[in-house]
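Colleague: Take a look at the following structure, please.
No value in this document is a laboratory result; all are computed from the given coordinates. Bear in mind the structure is a predicted one, so any value in this text is a computation, not a measurement. All Cβ positions, even for glycine, are placed from backbone atoms using ideal geometry, and neighbour counts span all protein chains on display.
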């Protein structure tokens, strides 16, 4: 009986150790240094060590990122980094701004939050953007930009023009289908 208990405890300790090691290797925060890193979900400077930190200088759209890794402090330019992952959300940099990747089916939809003065207090306002692919130029989600970006997909452009009367409607979300309406139209135009 004692041998069975000792064996059972040993198996539990080894299993717990492997789970801890596995969790440490599957970091959820870090930088995508290149487009290729983003495609392969390869993070650099992640939270592997307790004191490792990444500071994305977003205030006033700062142009740098400060990384503390293994006790060494390093400053990177946002122009040299593709993006980052934080709390299971991906972000991509363009022009020193971080755009949250919202949807990747067919084409990419992003959002960017910015403080704007509304009344007596500033308010956080989200604005939607898009790109035709993961590495494409990020554009404001407007009918004019959709027309230019999808010039060769006339079916999609005509459906968007017919469905949405103004730019503010382009970010409408279909809760029943759990996707943006413009994505539904894109899928429909591909048939």
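Colleague: What is the distance, in nm, between label points placed 7 Å from the Cα along the Cα-to-Cβ direction at residue 123 and at residue 57?
Modeller: Label-label distance for residue 123 and residue 57, simple model: 3.1 nm.
Colleague: Another question, if that's okay. Using a simple spin-label model with points 7 Å from Cα along the Cα→Cβ vector, what separation in nm is obtained for residue 143 and residue 34?
Modeller: Distance between label points: 4.2 nm.
Colleague: What FRET efficiency, computed as 1/(1 + (r/R0)^6) with R0 = 22 Å and r the Cβ-Cβ distance, is obtained for residue 187 and residue 41, rounded to the nearest 0.05?
Modeller: Numbers: r = 25 Å, r/R0 = 1.12.
The pair residue 187/residue 41 has a calculated efficiency of 0.35.
Colleague: Would you give the gap between the C-alpha center of the range 48-85 and the C-alpha center of the range 142-191, rounded to a whole Å?
Modeller: 36
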